[in-house]
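What follows is a short report on a single structure.
The values are calculated or read from the model by the stated rules, or taken from the named source; none is laboratory data. Computed from a predicted model, the values in this text were never measured in an experiment. Every residue, glycine among them, receives a Cβ derived from its backbone with ideal geometry; neighbour counts consider all protein chains shown.
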Amino acid sequence: MGPPKSLLKKRNKKPGWKAIGIRLERKKDASLLNWNLKRPYPPEKIHIPIPPGAGPCVQPGEVVQTGQKIAEPQGPEGVSLHTGISGTVEKVAVFQSAVGTEGRMIEIRKHGEPKTLPSWEGRKGWAEIPAEELPRIFQHSGLVTTDPQMEPVHTKLKRHAGARTIIINGCEPEPYITCEQVLILSHPMEILKGAELLKKALGAEKIFFAIENCNLEMIELLKSKIYLLKWEHVEVRVVPALYPQGLESTLLQAWFPGEEKSAVVFPSSTAFAVYEAVAQQKPFYERVVTVGGECVVEPRSLWLPIGISFHDAIHACKGVMREPQKILMGGPMAGRAQMTAGVPVMAGTNAILALPKEVAKEEREEPCIRCNVCADHCPVSLSPAMITLAAEQKEFMVAEEWNVKECIECGNCAYGCPSKRPMLELIRFARSFSRAGVVRG
Amino acid sequence: MSPHIRSLDSLARRSWGQLIALAPLFVIACFTGHAEILRILLICLVSAVAFEFLAAKLFQKKESLRNGETVLAATLFSLLVPSRCSSEIVILGVFMAVFVAKELFGGTGGYLLHPLLLARVFLQLCFPRSMSEPMLLAGEGSVWTLLGVGFGGILFLKQKRGYWETPVLFMSVCFVCEALFGGGEMPLAFFSAVLFTAFFLLADPVTLPLTRKGTSLFVLGAALFSSRLSPEGFSIHSACCAILLMNLSTPWLDVWLKPAPYQPEHPLKATYPA
């Protein structure tokens, strides 16, 4: 049973016809005041999370230099790991990570005082490296995507073999976060060349840069560089600054209709890391992170070594001016609140936010009034009200019938809900039961 | 748990926003010889608050006075009953709306039928002689009332709490039906009543379908029934019955027009992996 087919008939629509989202307050001005990228003084110690498919190749007590390999890839899916500071390996042990679980990490204590930044020898003839050689370079440079998935770049390329389009995502729809914007403004040529290397490794034909329509400076800068390079296969596509339009799945759905199967998305910071790994032989051990929020004294985007603690990262921005209510990894919409500021920065950490009480307050929950705000703001056309009402009653079968599995957990429903219901929590609850097979028995 | 920020929208803002939209109607009622409506409003407010407290006490839950829902219900109900109605009948109506139709049927967000309309129809069936069309929206009507409803409607639309199609569709269908089958006579009160129904009686989201398409179908049905349910054409009573009838179809509309989700080739989670 269902409505007549003509009602649901798909029309041939222009890109962007389904750009559903919320226009959030951007709050990016504070961190853009200082947009020259700096590296803070190395912290006393760092905890580098060992990614799955890698095994440590250093022993406690061993002295390591910045960029040195500390874990070897195990198997074709694995990726190497490199240290972000020079020092002594203290131990390989289990520590609390920023994603709420415990994981194996390598603790490195700073050794002496660094006088200069490590320099990397450029690779001669890097532009002529054959495409088959590139995944091996990516693997041994420790390259993982700088999005929350943190997937090894060579694995992602293999998974999308045959894709015709590379999309470099320069969108940052969440408030406060400016790391991609600052990186593109600082290193547009490097990012373009990194994108070209990714295209070559994948055997793709076209490169799109997805940039939000409010970042006119970025759009013009990229267009001028593309014109300078005379690369006709590279194009800038402007998307609205709506949350979650910058996220991978919604970006493909709304702005590259028909190309979902043949396109692969990489953040612009990944393209930059690819360029550095191939052209400068620099392994991936640091990334640009936005340290922001109303509580931080000097919010800004800066280079941070993977493994630096959130506490040290905030300290590098002159600390906090008042007690934060929440410390987040990621943006305020999809980020994760931290119990402690001692957790380390990961490859997928794009922001560390210290939010005050008035911004991150908890509000009194009221019953659902079926106002449709959640359904209207859902970028994947679900009915979160029905799913969450079913989850409250522990009717997981009903939640599954209402396609709870398709939820991308963007948080739009919970943001807009006038009853302040914990929508995302309930959806995750229903999904966990659905995944565990409880629904089907 | 993410998201860590929330929009400024809340149930209280919605209720008080709707009350502000209703305010011009009361001001105009006072100046156009319908000041008795204030007596009804007072009775409705006092009795609704009392029944709300009683229900909270009996069912051991928090009363919803702070979010303005009870005040809004009382204010809307005072516009649905005739001004010369006796106090006992009004109190019975409020009891039926607040205690029976709302609280006994699940409380805020839980009821299937619009409580105010159910109470209005109940009073009409029990006391057909006392219950007539509300004075403000009956008879020949006045241009001031029409302006009051229209201005309130614009205020309500400006708040963007509902779909713009809802009043537009309802009004269009009612006007077309009246023009086709109503004999061509359309007094000002008819326009006021249609506008009032379109903006304020179809504004309770609890009893409306969960999708935009579903809401449009609901409104179409309500408009058709309102115009054709009684041989006299559109009236507040027929609109109440029509909306209640369509309320029964809401669960069916929700299932029938269930939104089809978008399925990407490579589904990805937007948040950090657990």
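What pairs come out if I take residues in segment A:62-84 that are under 10 Å from A:SER141 (Cα atoms) and pair them with residues that are buried (at least 19 other Cβ atoms within 10 Å of the Cβ) and of a type in the set (Phe, Trp, Tyr) whose C-beta lies under 7 Å away, six or more apart or interchain?
A:GLY67/A:TYR285; A:HIS82/A:PHE284; A:HIS82/A:TYR285
Let's see how each residue does on (1) at the interface with another protein chain (Cβ under 9 Å from one of its Cβ atoms); (2) under 17 Å from the mean Cα position of the chain (by Cα); (3) without any contact (Cβ under 8 Å) to a residue 24 or more places away in the chain:
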site: A:PRO324; (1), (2), (3): no, no, no
site: A:MET333; (1), (2), (3): yes, yes, no
site: A:THR340; (1), (2), (3): no, no, no
site: A:GLY348; (1), (2), (3): yes, yes, no
site: A:LYS357; (1), (2), (3): no, no, no
site: A:ALA360; (1), (2), (3): yes, no, no
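Is there a residue being within 14 Å of chain A (Cβ to nearest Cβ) and part of a helix (DSSP H, G or I) anywhere in segment B:163-176?
Yes, there is a match, as at least one residue in segment B:163-176 is within 14 Å of chain A (Cβ to nearest Cβ) and part of a helix (DSSP H, G or I).
For segment A:384-435: of the residues being among the acidic types (Asp, Glu) and more than 10 Å from every other protein chain (Cβ to nearest Cβ), which is surrounded by the most Cβ atoms within 10 Å (Cβ to Cβ)? Even if it seems obvious, please write down each step before you answer.
If we filter segment A:384-435 for residues that are among the acidic types (Asp, Glu), which is where we start, we get A:392, A:395, A:400-401, A:406, A:409, A:425.
Okay, now just the ones that are also more than 10 Å from every other protein chain (Cβ to nearest Cβ), so A:392, A:395, A:400.
Working: A:GLU392: 16, A:GLU395: 16, A:GLU400: 18.
Per the stated criteria, the residue is A:GLU400.
Return the residues of segment A:219-253 that are away from chain B (no Cβ under 14 Å), assigned to a helix (DSSP H, G or I) and either closer than 17 Å to A:THR165 by Cβ or of a type in the set (Ser, Thr, Tyr) (or both); say none if nothing qualifies. Steps first, answer last, please.
Within segment A:219-253, the subset away from chain B (no Cβ under 14 Å) is A:219-241.
Subset that is assigned to a helix (DSSP H, G or I): A:219-229.
Listed by number, the residues that qualify are A:LEU222, A:SER224, A:ILE226, A:TYR227.
Can you confirm whether B:VAL98 is closer than 18 Å to B:ALA12 by Cα, of a type in the set (Val, Ile, Thr) and buried (at least 22 other Cβ atoms within 10 Å of the Cβ)?
yes
Could you list, ordered by first residue, the pairs with Cβ atoms under 9 Å in which the first is in segment B:1-12 and more than 7 Å from every other protein chain (Cβ to nearest Cβ) and within 14 Å of A:CYS410 (Cβ to Cβ) and the second is crowded, with 20+ Cβ neighbours inside 10 Å and modelled with pLDDT of 90 or more, at least 6 apart or interchain?
Cβ pairs passing all conditions: none.
How many of the residues in segment B:97-140 are in contact (Cβ under 8 Å) with a residue 60 or more places away in the chain and of a type in the set (Asp, Glu)?
Total meeting the criteria: 1.
To keep it simple, each residue is scored yes or no on (1) of a type in the set (Val, Ile, Thr); (2) over 18 Å from A:ARG26 (Cα atoms); (3) surrounded by fewer than 24 Cβ atoms within 10 Å (Cβ to Cβ).
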residue	(1), (2), (3)
A:LYS326	no, yes, yes
A:ALA337	no, yes, yes
A:VAL345	yes, yes, no
A:ILE352	yes, no, no
A:ALA360	no, no, yes
A:GLU363	no, yes, yes
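Could you pull out the residue among A:PRO367, A:PRO379 that is in a loop (DSSP other than H, G, I, E, B) and either within 28 Å of the chain's Cα centre (by Cα) or surrounded by 24 or more Cβ atoms within 10 Å (Cβ to Cβ) (or both)?
That would be A:PRO379, the only listed residue that is in a loop (DSSP other than H, G, I, E, B) and either within 28 Å of the chain's Cα centre (by Cα) or surrounded by 24 or more Cβ atoms within 10 Å (Cβ to Cβ) (or both).
Return the residues of segment B:184-222 that are in contact with a helix residue (DSSP H, G or I) (Cβ under 8 Å, 6 or more places away or on another chain) and small (Gly, Ala, Ser); say none if nothing qualifies.
Within segment B:184-222, B:ALA189, B:SER192, B:ALA193, B:ALA198, B:ALA203, B:GLY214, B:SER216, B:GLY221, B:ALA222 qualify.
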